[in-house]
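Remarks on the structure that follows.
The values are calculated or read from the model by the stated rules, or taken from the named source; none is laboratory data. This structure is a prediction, so every number in the text was calculated from the model and none was measured. Ideal geometry is used to build each Cβ from the backbone, glycine not excepted, and the neighbour counts take in all protein chains shown.
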Amino acid sequence: MNSINKSKRQSWVDYARGIAIILVLYRHVFEGIKNSGLPVEKYLYLEHSNIIFFSFRMPLFFIVSGIFVAASFSKRGMEQFIKTKMKTILYPYFAWGCLQITLQIIFSKYVNNPPDATSYLYLLYLPREIEQFWYLYALFNVTVLYVILKYKVGLNSWQHIVLGLVMFYISAWCYQRNIIIGFLGDILHYYVFIAFGDIINKFMKKPETIKWFQSWKLFFILLIPFIVTQSYFLYANMQFPNSKYQHVEYFQPFLFLPISMTGCAFIISISFLFQRYGKANWLRVLGKHSLYIYVAHVLVFASVRVFMIRVLHITNIPVLMFICIFLGLLVPVLMYKLSVKLNMQWIFTLEDKNTEPAPTKVVTVNSNAKI
């Protein structure tokens with residue numbers, strides 16, 4: 001195809017989100033198995049992979065979200081933009097957060113770290129205590145703050161980046177001194193990634209950019225920096241096993257930024273290659289349903305893990321990892337599809353729509369073009 005199909009949504013984004021959500025499940029499943037007391041130290045490669053994936057998966061989510069900020073705001077305006085984010089992000093955060101806490105309290109004897117009634121309050125100011133849900137709260141708060149500063153205050157692109165870097169350092173400074181600032185820490189920490197995503201938005205739609213990112217040449221250019229930076233991230237964090245893989249991120253913040261950005265660029269390059277060849281459509285499906293997977297996956301795989309270990313007495317860690325990840329991805333997608341069929345999308349979102357996520361138009365360029 002010699003021309004580029006114009007589309008508000010590029011399929012590489014779904015591939016990137018699909019990869020990122022798989023890596024999210026990898027970490028959560030691994031940590032769940034580890035906390036259950038099984039000897040994960042026998043599978044050191046699983047631990048090492050867990051650490052490496054930790055360096056870029058969440059920054060990637062924020063960068064991809066930032067790419068759509070301008071288009072969404074232009075379509076809706078400030079008031080409607082915020083209302084939409086409340087319906088699609090804040091609502092599932094509180095709804096599924098409360099559901100997960102309630103079920104964990106009811107089945108507390110089967111849960112690794114059972115919560116109590118005070119955990120409901122954590123949703124308001126300490127979302128990190130509610131396992132995976134902190135991301136949704138951070139995404140809503142960061143996105144709203146960003147559009148206010150961009151469209152009401154009038155900050156330009158470079159001012160956003162400078163502000164984001166300052167905020168990123170402040171979050172690390174507070175962490176180093178054990179200053180608990182709750183949800184504010186996530187706003188400070190991830191603002192720069194939303195800003196970067198918005199800045200590269202127009203750049204990523206240009207034909208020459210698409211050609212470059214869909215080339216194997218860029219993939220191999222990024223491969224060596226990716227291996228080097230992730231090797232350092234692994235080595236440095238292994239020296240501080242009690243830091244939960246966060247030593248580089250918070251004690252070497254301005255080294256973490258290029259490490260995470262390199263990881264994001266490498267995954268984006270892979271995503272563009274998937275887009276070029278139109279392969280692995282299942283990955284695009286996961287990407288389009290990533291939000292629904294995110295809110296439901298812990299309940300799914302935790303139930304599967306408990307059943308496999310306590311009922312079936314399966315303790316083989318690679319087997320547990322594979323089945324829990326597979327079902328943790330599949331079941332939430334099926335749940336969403338069923339909710340659509342039954343006209344019960346309110347289970348996941350309050351957005352007024354009667355269909356599933358719209359199919360993504362594939363944006364391609366001439367695959368024979370010389371780069």
Item to complete: Restrict the check to the stretch 293-304 and report whether at least one residue is under 24 Å from residue 95 (Cα atoms), in contact with a Lys or Arg (Cβ under 6 Å, 6 or more places away or on another chain) and crowded, with 18+ Cβ neighbours inside 10 Å.
Response: no
Item to complete: Would you please name the residue that is nearest to residue 172 (Cα to Cα), looking only at residues in the stretch 189-225 that are aromatic (Phe, Trp, Tyr) and under 19 Å from the mean Cα position of the chain (by Cα)?
Response: 190
Worksheet item: Which numbered condition trips up residue 260, out of (1) out of contact with any Pro (no Cβ under 9 Å at 6 or more places or on another chain); (2) more than 16 Å from residue 10 (Cβ to Cβ); (3) not aliphatic (A, V, I, L, M)?
Response: (1)
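How about the stretch 142-160: which of its residues are surrounded by fewer than 17 Cβ atoms within 10 Å (Cβ to Cβ) and either of a type outside the set (D, E, K, R) or over 26 Å from residue 76 (Cα atoms) (or both)? Let's see the steps before the verdict.
Taking the stretch 142-160 as the starting set, the residues that turn out to be surrounded by fewer than 17 Cβ atoms within 10 Å (Cβ to Cβ) are 145, 148-149, 151-154, 156-159.
Hits for the stretch 142-160 are 145, 148, 149, 151, 153, 154, 156, 157, 158, 159.
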Practice prompt. Exactly one condition in (1) in contact with a Pro (Cβ under 9 Å, 6 or more places away or on another chain); (2) within 28 Å of residue 264 (Cα to Cα) is not met by residue 89; state its number.
Written response: (1)
Item to complete: Using the structure shown, decide if residue 245 is under 23 Å from residue 48 (Cβ atoms) and not in a helix (DSSP H, G or I).
Response: yes
Practice prompt. Determine which member of the set 139, 103 is of a type in the set (A, V, I, L, M), part of a helix (DSSP H, G or I), modelled with pLDDT of 90 or more and buried (at least 20 other Cβ atoms within 10 Å of the Cβ).
Written response: 139
Worksheet, complete the sentence: Picked from the stretch 106-136 (must be surrounded by fewer than 19 Cβ atoms within 10 Å (Cβ to Cβ) and β-branched (Val, Ile, Thr)), the residue nearest to residue 297 (Cα to Cα) is 111
Worksheet item: Looking at the stretch 26-57, which of its residues are in a helix (DSSP H, G or I), surrounded by 17 or more Cβ atoms within 10 Å (Cβ to Cβ) and among the hydrophobic types (A, V, I, L, M, F, W, C)?
Response: 29, 30, 33, 40, 46, 51, 52, 53
Worksheet entry | Filtered residues of the stretch 168-219 (kept if of a type in the set (Asp, Glu) and free of Cβ contacts under 8 Å to residues at least 12 places away in the same chain) | 208
Worksheet item: Do the conditions hold for residue 331, that is, is it buried (at least 17 other Cβ atoms within 10 Å of the Cβ), out of contact with any Leu (no Cβ under 6 Å at 6 or more places or on another chain), over 22 Å from residue 44 (Cβ atoms) and of a type outside the set (Lys, Arg)?
Response: yes
Discussion item. For residue 199, only one of the following conditions fails: (1) crowded, with 16+ Cβ neighbours inside 10 Å; (2) more than 28 Å from residue 264 (Cα to Cα). What is its number?
Written reply: (2)
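Yes or no, residue by residue, for (1) hydrophobic (A, V, I, L, M, F, W, C); (2) free of Cβ contacts under 8 Å to residues at least 60 places away in the same chain; (3) buried (at least 18 other Cβ atoms within 10 Å of the Cβ); (4) in a helix (DSSP H, G or I):
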site: 262; (1), (2), (3), (4): no, no, yes, yes
site: 269; (1), (2), (3), (4): no, yes, yes, yes
site: 276; (1), (2), (3), (4): no, no, yes, yes
site: 291; (1), (2), (3), (4): yes, no, yes, yes
site: 306; (1), (2), (3), (4): yes, no, no, yes
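Any idea how many residues of the stretch 278-303 are of a type outside the set (A, V, I, L, M) and in contact with a helix residue (DSSP H, G or I) (Cβ under 6 Å, 6 or more places away or on another chain)?
Of the residues in the stretch 278-303, 8 are of a type outside the set (A, V, I, L, M) and in contact with a helix residue (DSSP H, G or I) (Cβ under 6 Å, 6 or more places away or on another chain).
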Practice prompt. Of all residues in the stretch 226-251, count the ones that are surrounded by fewer than 20 Cβ atoms within 10 Å (Cβ to Cβ), touching a residue at least 24 places away in the same chain (Cβ under 8 Å), more than 22 Å from residue 170 (Cβ to Cβ) and of a type outside the set (A, V, I, L, M, F, W, C).
Written response: 1
Worksheet item: Does the stretch 10-25 contain at least one residue that is surrounded by fewer than 18 Cβ atoms within 10 Å (Cβ to Cβ), in a helix (DSSP H, G or I) and among the acidic types (Asp, Glu)?
Response: no
